[in-house]
Amino acid sequence: MDESILAAVERTKGKRSTSERVNELLKLALEQEQRQALEQEAARFYSVANRSDRTEERAFQQASLRRMRRD
């Protein structure tokens, strides 16, 4: 383990053991990774949904224009 990381763990562990502090930090890091993965997944989902919505919107607009020209 990098000495500066070990020093930071020692400095911030309080009354807990080094192992407990490292476990806490690892859990936090894993939770953060999960949140980031979910955010990326949501961004991809909504990106596709938005493109689909725009395509449908354009089709609706074109159909509306054609109908207005006929009337």
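Structure notes:
- From the coordinates shown, Cα extents along the principal axes in Å corresponds to which of (i) 37, 26, 17; (ii) 80, 19, 14; (iii) 50, 28, 19: (ii)
- FRET E, pair residue 69, residue 45, Förster distance 35 Å, beta-carbon r, rounded to 0.05: 0.45
- The stretch between residue 60 and residue 10, if pulled fully straight at 0.36 nm per residue, gains 11.7 nm over its current Cα-Cα span.
- Neighbour-count order for 21, 54, 70, fewest beta carbons within 10 angstrom listed first: 70, 54, 21
Rule-based calculations on the coordinates, nothing more; no lab input. Quick caveat, the model's predicted, so the values are computed rather than measured. Virtual Cβ from ideal backbone geometry, glycine too; neighbours counted across all protein chains shown.
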